[in-house]
Amino acid sequence: MGNKFERAVFGGGCFWCTEAVFKMLRGVSSVLPGYTGGSVPNPTYEQDSGGRTGHAEAVEVTYDPQQTSYHNLLTVFFGSHDPTTPNRQGNDVGTQYRSAIFYATPEQKKIAEEFIKKIHASRKFGAPIVTEVVPLEVFYAAENYHRDYLASHPGNPYCELVINPKLENVQKEFAALLTSATQDL
């Protein structure tokens, strides 16, 4: 059985949170935090956290389309952050925390735009969706210390107060899309 993996790139606030969310999903083989959507080549966290690069904190999700779909990834993406607040997720404020879908193919763009139209029509969020749908140009991997942040820093107050409640919500709302190991947490 030859697996052909695909990739999807999302910016949904702090990449520590977004990484932890997508790592729980069945069919996801890797999640890499990084930066994209800006103008500075090879940005650092210090540059990006000050909003000086134009990049969003984002994650590159590598997944097996035989096990999950891009539509499922969008479902979890929109269900795990606030897509109605520009440049903000909770206490994280700045353009680097914007809600964005960075599409790699015309098909991803079409699926994302249709998904957003359905959300608007449903009025699920009670406010307009501000999520950008923009072409993926270059994705820069974040520094190694950002990878698996939650697993490496479980006692960090940010992890306890922001990431863990988000993961609990995802486990409750999207149980059917999670790996069996994650469902048992």
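With respect to the conditions (1) within 19 Å of V133 (Cβ to Cβ); (2) part of a loop (DSSP other than H, G, I, E, B); (3) in contact (Cβ under 8 Å) with a residue 24 or more places away in the chain, G38 lacks only one, and its number is (3).
Going by the structure shown, is K124 basic (K, R), more than 18 Å from G37 (Cα to Cα), out of contact with any strand residue (DSSP E or B) (no Cβ under 8 Å at 6 or more places or on another chain) and part of a loop (DSSP other than H, G, I, E, B)?
Details: basic (K, R): yes; more than 18 Å from G37 (Cα to Cα): yes; out of contact with any strand residue (DSSP E or B) (no Cβ under 8 Å at 6 or more places or on another chain): yes; part of a loop (DSSP other than H, G, I, E, B): yes.
Against the criterion (basic (K, R), more than 18 Å from G37 (Cα to Cα), out of contact with any strand residue (DSSP E or B) (no Cβ under 8 Å at 6 or more places or on another chain) and part of a loop (DSSP other than H, G, I, E, B)), K124 qualifies.
Name the single residue that is farthest from P43 (Cα to Cα) among those in segment 133-157 being among the charged types (D, E, K, R) and surrounded by 15 or more Cβ atoms within 10 Å (Cβ to Cβ). Looking at residues that are among the charged types (D, E, K, R) and surrounded by 15 or more Cβ atoms within 10 Å (Cβ to Cβ), I get D148. Residues in segment 55-77 that are acidic (D, E) and assigned to a strand (DSSP E or B) were compared, and the one that is modelled with the lowest pLDDT is E57. Regarding S69, is this residue small (G, A, S), over 21 Å from A127 (Cβ atoms) and either surrounded by 23 or more Cβ atoms within 10 Å (Cβ to Cβ) or within 17 Å of the chain's Cα centre (by Cα) (or both)? Answer is yes for this residue.
For T105, the conditions (1) touching a residue at least 40 places away in the same chain (Cβ under 8 Å); (2) farther than 16 Å from L177 by Cβ are fulfilled apart from (1).
Just to be sure before I move on: is V93 surrounded by 17 or more Cβ atoms within 10 Å (Cβ to Cβ) and either in contact with a Phe, Trp or Tyr (Cβ under 7 Å, 6 or more places away or on another chain) or modelled with pLDDT under 95 (or both) in the structure I sent? The answer is no for V93.
The single residue among A8, A56, A20, A100 that is farther than 25 Å from S152 by Cβ and out of contact with any His (no Cβ under 8 Å at 6 or more places or on another chain) turns out to be A100.
Can Q47 be described as within 29 Å of E168 (Cβ to Cβ) and either touching a His at 6+ places or on another chain (Cβ under 8 Å) or not hydrophobic (A, V, I, L, M, F, W, C) (or both)?
no
Within segment 71-124, the set of residues being aromatic (F, W, Y) and under 27 Å from S49 (Cβ atoms) comprises F77, F78, Y97, F102, Y103. Residues that are in a helix (DSSP H, G or I), over 17 Å from T18 (Cα atoms) and of a type outside the set (S, T, N, Q) do not occur anywhere in segment 92-103. For segment 145-152, does any single residue satisfy the condition of being part of a helix (DSSP H, G or I), within 20 Å of S29 (Cβ to Cβ) and hydroxyl-bearing (S, T, Y)? Yes, segment 145-152 contains at least one residue that is part of a helix (DSSP H, G or I), within 20 Å of S29 (Cβ to Cβ) and hydroxyl-bearing (S, T, Y). Residues in segment 127-185 that are charged (D, E, K, R), modelled with pLDDT of 85 or more and under 26 Å from K110 (Cβ atoms): 2 in all.
The values are calculated or read from the model by the stated rules, or taken from the named source; none is laboratory data. Bear in mind that the values here come from a model prediction, so they are computed numbers and not experimental data. With ideal geometry, Cβ positions are generated from the backbone for all residues, glycine too; neighbour counts draw on all protein chains shown.
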